[in-house]
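For reference, the structure discussed in these notes is given below.
The values are calculated or read from the model by the stated rules, or taken from the named source; none is laboratory data. Note that the structure is predicted; figures quoted are calculated from it, not measured. We place every Cβ from the backbone using ideal geometry, glycine too, and count neighbours over all the protein chains shown. All accessible areas refer to the heavy atoms of the entire protein, side chains included, with ligands and DNA or RNA removed. Shrake-Rupley method; radii C 1.70, N 1.55, O 1.52, S 1.80 Å.
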Amino acid sequence: MAAFQLRDYQQEAVSKVLKHFKKTNESAVIVLPTGSGKSLVIAELARLAKRKILVLTHVKELVEQNHQKFESYGVTAGIYSAGLKLKETQHQVTFASIQSAARNLDDFNTPYSLIIIDECHRVNLASTDLTGEHSVDPSKGLLIDKSQSLLKDKAKNAPSDESKESAGKLGNSNQYQQIIDKLMQVNPELKLLGLTATPYRLGMGWIYKKHYRGFVRTQEKRPFEHCIYELPLHYLIKKNYLTKPNLVDATIEHYDFSSLRANASGDYSPTDINHLLNKNPRVTQSIIEQVIELGEKRQGIMIFAATVEHAKEVYSYLPATLSALITGATDNAERDALIKAFKRKDIKYLVNVSVLTTGFDAPHVDMIAILRPTQSVSLYQQIIGRGLRLSENKKDCLVIDYTGNDFDLYQPEVGEKKPNSKSQPVQVVCPSCEFPNIFWGICDDDGYLVEHYGRRCQGLVYAPHIEQEQQEQPEQKISESQCDYRFVFKECPHCGGENDIAARTCLQCFEVLVDPDDMLKKALQLKDSKIIRCAGLNLTRVTDTDTGKGADKLKIIYHDEEGTELNESFDFARPIQVKAFNAIFAKRLSAKLNVQLGSTESFEVTTLDQALKLENVLPCPDFVIARKQKYYWRIKDRLFDYQGKYRKANALK
């Protein structure tokens, strides 16, 4: 069989991997959309490898597919998969299922130079909800779980299909960590590469820390350190490498899942879903009638149901001779037979519950009906990806979402949760390093940015440093770190340092930061204390005639929703008072003005007249705390960027 010819982006991805691992052993991810040919990239990397490598994935279909692509080069590789009835490790390249490899760790005692993980978004950090016992591999950024007892208890108490999905995600992640840990014991220089179309997980966000375009996704631990290559979905559709998705809102009936509440892991309870669906029995029938009508001229239709009970109901409304139902409980032999019949087009409608979102390749699929709710953009993209492969007589893929999943296929809503329905991705330039951040934000009707919800600049800044290693000529290297500019922050009362608004310990002096809820609770208990939930502020000039002495001052009046007021004054004739005003407001004022003006300048107020002009833009605290003096209330604290259990002004009770 002739070898495949790599496309330009596939060759570029391979080159990025080679370049990265020549410089470092730190783990890496490449992001290629569903249908872009990740198997070919894996095959080329395996072909170029000079030492043993292991290619891992979670389903036997992908093991077989990746193995076939590799052997198309005219070389031989091994398969290690119980599902494929082969356990070969003698070859230079082995394609293995993670379940089989993790159950037989002693079969992998020889040194491997590289692990490639396909669908690597399934790799997760071990959760502290499962166990408190972890060990860390700092070079790989992986947290290795040493106990799965609570996982088993959770799976035991969950409904069958959902428990399999949940246990599979967590169990597989621990299995990945086990095989990585095993191979690193044999070869500490082991390299780790992941491939995925969706580099994020529900509850975690991004699965890597740093992006090759020069920005930081997070400072927290992640399964991978670097994203070294990423290809946008738009490119593949524009170049006709993928079929265009035709995204259509449900026109007749749809489900209203808005009353459902997600659990801690972001999933919905199957019991709650079934209860809701059972209260609206006619909706599913009307939906399937529309699916049949719209799919009359379609070749292959995949329907993604919410639960097993729901899937059985969906299946009951479809033509029996043209339909199939697959769940986690479907026998493997029966499942394989149904999938083959669907690929031969003997079956037109394929209903499934959480089992055909990855590792399933049927290019003729040209219609997808989404009947299950999800908070996972990764799952949403994987579902739609089933219909984007090219096929004969296929012009587009009709996608109808009957659940109101509010995701943008081309602009993944990940990292930070969408603050509200009006939010959209906006660009915010950092005043310090000028990096163009992408945050959630709100624009007015003319498209101008009103506000954004970014906390810290995501830009990477580079600085040379000298390494003196018993050399006459010191070696200069370039270090990289995240820009330290914060758009919102919690100020340390001990050293004045800026910290994330959720921080508990100061990054500069390591003192414990005062919890705003504790501060409010303590103030509420004091008889000589007053707190207002600040709804706005006003600025006014206090003249000599008002005070009878001294220079004019700036008076700031804070008021709550009912008109209760607290106030403070700043004398701009005194430098120490000017400094105090700027310490409270200047940084936050700069961030706010930069948004409105599109500037990167830092603003400091130096005169009273200048301050008075800022009444409409001066940042307003969420709470103001004052203590009773002899004749007046003296403001002690102002809480900005508050996130806690107490309601803020103008928010719903």
Segment 23-66 and segment 213-237 have their Cα centres apart by a whole-number Å value of 17
Candidate residues Arg588, Arg47: accessible-area rank, largest first, probe 1.4 Å = Arg47, Arg588
At a probe radius of 1.4 Å, what is the per-residue accessible area of Asp267, in Å² to the nearest 10?
-> 50
FRET efficiency (Leu612, Glu565; Cβ distance; R0 25 Å; to 0.05) is 0.85
At a Förster radius of 35 Å, what calculated FRET efficiency corresponds to the Cβ-Cβ distance of Lys16 and Asn278, to the nearest 0.05?
-> 0.10
Considering only protein heavy atoms, what is the solvent-accessible area of Met184 at a probe of 1.4 Å, reported in Å² to the nearest 10?
-> 30
Relative contact order, percent, of segment 295-410 when contacts are C-alpha pairs under 8 Å separated by at least 6 residues?
-> 31
Show the residues, 5+ positions off or on another chain, whose built amide H is closer than 5 Å to the amide H of Leu398.
-> Asn246, Met367, Ile368
If you rank Glu498, Glu562 by how much accessible surface each has, with a 1.4 Å probe, what is the order from largest down?
-> Glu562, Glu498
So between Glu220 and Ala651, what do we pick up on full extension, going 0.36 nm a residue minus the alpha carbon distance?
-> 152.1 nm
Taking Cα pairs closer than 8 Å and at least 6 residues apart, the relative contact order of segment 550-630 in percent is 26
Roughly how many nanometres apart are two label points built 7 Å out from the Cα toward the Cβ at Leu322 and Glu230?
-> 4.1
Between Arg574 and Leu48, what length comes free when the chain is fully extended (0.36 nm per residue of separation minus the Cα-Cα distance, one decimal in nm)?
-> 182.3 nm
What list of ³J(HN,Hα) values in whole Hz, one per residue of segment 75-90 in order, does the Karplus curve 6.51 cos²θ - 1.76 cosθ + 1.60 (θ = phi - 60°) give from phi, with Gly and Pro shown as x?
-> 10, 10, 9, x, 10, 10, 7, 5, x, 9, 6, 9, 9, 10, 10, 7
So, in nm, how far is label Asp484 from label Leu6 when the simple model puts each one 7 Å beyond its Cα toward the Cβ?
-> 4.1
Using the structure shown, select from Lys69/Lys244; Lys209/Lys244; Lys38/Lys69 the pairs with a Cα to Cα distance greater than 21 angstrom.
-> Lys69/Lys244; Lys209/Lys244
Quick one: which residues, 5 or more positions from Asp637 or on another chain, have an amide H under 5 Å from its amide H? H modelled 1.01 Å from N in the peptide plane, none for Pro or chain starts.
-> Ile625
Trypsin sites (Lys or Arg not before Pro) restricted to segment 487-546 and DSSP loop, no more than 14 other C-beta within 10 Å = Arg504, Lys527
Segment 484-570 accessible area per residue, 1.4 Å probe, protein heavy atoms, integer Å², reads 57
For segment 371-386, what does the Karplus curve 6.51 cos²θ - 1.76 cosθ + 1.60, with θ = phi - 60°, yield as ³J(HN,Hα) per residue in whole Hz, taken in order and with x for Gly and Pro?
-> 10, 10, x, 7, 9, 9, 5, 4, 5, 4, 5, 5, 4, 5, x, 4
Applying 1/(1 + (r/R0)^6) with R0 = 22 Å to the Cβ-Cβ distance of Asn109 and Leu86, what FRET efficiency is obtained, to the nearest 0.05?
-> 0.70
Just subtract the alpha-carbon distance of Asp396 and Asp445 from 0.36 nm times their residue separation and send over the number in nm, one decimal.
-> 14.4 nm
Keeping all protein chains in place, calculate the accessible area per residue for segment 267-344 (probe 1.4 angstrom), answer in Å².
-> 51
What nm distance separates the two modelled labels at Asp528 and Lys340, each placed 7 Å from Cα along Cα→Cβ?
-> 8.6
